[in-house]
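All remarks here apply to the structure that follows.
The numbers here are math on the coordinates, done by the rules we state, and not lab data. Source: prediction; values computed, not measured.
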Amino acid sequence: MTSPESCIEVSDSGFGSAPELTPCLTPCPTRSLTPVSRRTTPAPGDEHYERTLWRHFPGWAFSERARETRCWAWQFGYDIQKGDERRWICRACIRKNAPNPRHFEADGIHNAYNHLFNDHGVPAPPGLTKGSAEKKFRHVKLKANITHTTVREKIVAAFEQHKQTAIDVLRKAPGLIHMSFDGWRSGNRHALYGICCFYRDENNKPCKLTLGLPEISAKHTGPNIAAEILDVIESYQIQHKIGYFTLDNVKNNDTAMEIIGAELGFVGSRRRGRCFGHTLNLSAKAILFGHDADAFERRISGAEPLTEAEHLIWRKKGPVGKLHNLVVAIHRSDLLTGMLRSIQQEAFAKSSDPKLNAGKPLDVILDNDTGWL
């Protein structure tokens, strides 16, 4: 009794698209669980591809030997032999006229599973052996379909696992461990505090490590900040190794350092350094925006579109404010962005400098508040 055996038909669904693999109904002996002896002949209408096959494998012929039909990859390939050597040739590669059609020795036919899955999207039939690539794909696909609760649990578990490694590293650090922390509000309105430490490892190499990113939902007072910092320090077991702190110049940091110092046994004000970047930022803002720059920033912060009132606020700041308005206008307009690029390209084309000729247009960058951690 005979039944149709699935052979591979390749049809292009469009330029640049993956080939579509469909079975063709070719009368063949019924697939069995024991080897069958027959000559491997091409399917009807397959003569067109034989010339391609033999061009790549001159001197070979279709196999006359018993074939292990339990291996499903054979139905997607040519079974050829040359002397005592027998190989599987990918039928899809031949029909696509691939410059280097994939082929494997008969004893390594399982390698064809990965090729069929990776390059042609052919999975193993249900219940039959899968290649390692398909197994990995199915495993990842299964693991990807997890709930948000599971995602959080996995992230927390991974953090705790790596945290122990960090504890061991800090414990072995030969000198003091210095710290820095600062707070900011995320785009989704979480008040976060980044806490970092700086130390030298066993090889005397300078290192930096982020210890935590706690959310301070209460008001950012000195006592509340100090409580979070002390919790993180204690969780890493480095209370006895704390050195100096580099912080910005806000008043609540003074109070926080007094509490931290009292808890850890030192005078907080003597262990606190000032962030030069923050000092430089304050100086630059005073030069650009004049008196009470922080009040000016509070007036224009938090709004995405530049309203007419905000436009006027910036305009009152003179050349810097006008430049800000111009940058915002260009950034939000495709037309103005295109004009800016065209002006640059025209200047590049007119220049006699080869470096400028090869230049690429630049876009404007919006100004922003800078974090100093």
Counting sequence-distant residues (5 or more places) and residues on other chains, those with an amide H built under 5 Å from that of Gly243 are Ile177, His178, Met179
Within region 171-274, pairs of Lys residues whose Cα atoms are less than 25 angstrom apart, provided they are eight or more positions apart or on distinct chains, add up to 6
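Please report, in whole Å³, the volume per residue of the convex hull around the C-alpha atoms of region 171-274. Before the final figure, lay out each step's value.
Working: hull volume 10.4 nm³, N = 104.
That works out to 100 Å³ per residue.
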Considering amide H positions built from the backbone, and no H for Pro or chain starts, which residues 5 or more places from Asp182, or on another chain, come under 5 Å of its amide H? Gly194
³J(HN,Hα), Karplus 6.51/-1.76/1.60, whole Hz, each residue of region 234-245, x for Gly, Pro: 5, 5, 9, 6, 10, 4, 7, 10, 6, x, 10, 10
